[in-house]
Structure formats: structure tokens, C-alpha cells
Amino acid sequence: MNNYLLGKRDLSDLFDLQKPSYKFSDRKPIPKTGSIIYTVWNEKNEFIYVGISGIQKKPVEQRNPHSRIKAHS
């Protein structure tokens, strides 16, 4: 797999089709607090979008990554 780098950070896991995928309606794998980076793919495994959630100007424990996911779904 190609390395997808952002600065010095390897984001390859976001584009690894061998990793499990989840529907927007299944929020169990999303942490209740903190920040996340996520990708959106269609049924043909074509990349559509990358997003960030839980980046509110609050302490990490008070950030809600579900808010952005809910808005997209």
C-alpha cells in the first residue's frame, strides 16, 4: 500500500480497504469523547471524503466526535 503522509504522520490506515468498515448508522466503534479522522467510501470502494470530528475548543474529555458523524448521516 502507498503511504499517505500528512507532514510526518502516516495516514495509510484511513485508506486501507483491509480494515473493517462501518456504516454511519453504526456508531459503536466511535469513541464517546476525543477527536477522530474518518474516511467515507461508496459501495464500490471508491473514496468520497475525509473528515475530522471532535475538534471543538474544549478539553479532550469534553469533545464529541459523534456530532459531526451525526450531521453527515
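Selection of the stretch 32-43 for residues being of a type in the set (S, T, N, Q), over 18 Å from residue 60 (Cα atoms) and either surrounded by 10 or more Cβ atoms within 10 Å (Cβ to Cβ) or in contact (Cβ under 8 Å) with a residue 12 or more places away in the chain (or both) yields only 39.
Of all residues in the stretch 1-21, those that are within 18 Å of residue 46 (Cβ to Cβ) and open to solvent by less than 70 Å² (accessible area, probe 1.4 Å) have Cβ atoms under 7 Å from Cβ atoms of residues that are outside any loop (DSSP other than H, G, I, E, B) and among the hydroxyl-bearing types (Ser, Thr, Tyr), 6 or more apart or on another chain, in 14/39; 15/39. When residue 29 is tested against (1) open to solvent by less than 50 Å² (accessible area, probe 1.4 Å); (2) closer than 11 Å to residue 69 by Cβ, only condition (1) is not met. Residues that are assigned to a loop (DSSP other than H, G, I, E, B) and touching a strand residue (DSSP E or B) at 6+ places or on another chain (Cβ under 8 Å) within the stretch 1-16 comprise 3, 4, 11, listed in sequence order.
The values are calculated or read from the model by the stated rules, or taken from the named source; none is laboratory data. Bear in mind that the values here come from a model prediction, so they are computed numbers and not experimental data. Glycine also receives a Cβ, built like all others from the backbone with ideal geometry; neighbour counts cover every protein chain displayed. These area figures cover heavy atoms from the full protein model, side chains too; ligands, DNA and RNA do not enter into them. Shrake-Rupley method; radii C 1.70, N 1.55, O 1.52, S 1.80 Å.
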